[in-house]
Amino acid sequence: MVFRVFLTGGDAGRRTSLLIRALSDLRVISGGWVKLTLSGGAERVPGLVEPREAAAAELPLAAFEDSRYSPEALLSRAAAALDEGAAREMCWLDPLLGDELADGAIAARIEELLGLELPVIGSVAAREECPNPELYDRILSRLGADEGTLLLDADALDDGALVARLREWDVNILDWAHHRKFDPQMKLRARRRKSIFPE
């Protein structure tokens, strides 16, 4: 079962746009973070929002003035965002393996989370953006070798192919989540039911 899907390569804004376009139904129920562009007039700055707020890869600066991105802002929110993703059983990390790896405790929490049977969606930051390249390489290597992780190269695939692969994963993960939630309940109900007919 593929639990995790990440886009690699290409432009960060394009990757965010593709994730939102293909997986918006999961975005609104996920915990985590999204780094995107805030724009207002001639000003364009990086922003940091919750997945449910990321309706597009570019949002109006006037409405999200308090969401300007900085490594410190991400580090201050990362632990709670990861906890929320685990609690919601759906985590959106766009990007992954970026500034959050500057904090050892947060990096350890990410590695733990990536080992769970938990749907995780996102994109992989460029290596040069990571403050800990050695840790970046180690985690990315593990993801690449993991049968439960799908890495899609945005440099190798066009938008249509990427969206198709993401939507295919979306259907599979929603089907898995549905059965995980309802199958145990149905079995429990069946055990509780008693036949009114003698055996």
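The values are calculated or read from the model by the stated rules, or taken from the named source; none is laboratory data. Owing to the predicted nature of the structure, the values given are computational and were not obtained by experimental measurement. Please note: Cβ atoms are built from the backbone with ideal geometry, for glycine as well, and neighbour counts cover all protein chains shown. Surface areas here come from the heavy atoms of the whole protein model, side chains and all, with no ligands, DNA or RNA. Shrake-Rupley method; radii C 1.70, N 1.55, O 1.52, S 1.80 Å.
Accessible surface of segment 91-139, 1.4 Å probe: 47 percent of it comes from carbon and sulfur atoms. Treating each Cα of the chain as an identical point scatterer and ignoring solvent, apply the Debye formula and state log10 I(q)/I(0) at q = 0.18 Å⁻¹. Values returned for q = 0.18 Å⁻¹ are -1.27. Accessible area per residue for segment 59-127, computed on protein heavy atoms with a 1.4 Å probe, is 41 Å². When +1 charges are put on Lys and Arg Cβ atoms and -1 charges on Asp and Glu Cβ atoms, the dipole computed for the chain relative to its Cα centre reaches about 1220 debye. With the simple spin-label model, which puts each label point 7 Å out from Cα in the Cβ direction, the GLU53 to SER17 separation comes to 2.2 nm.
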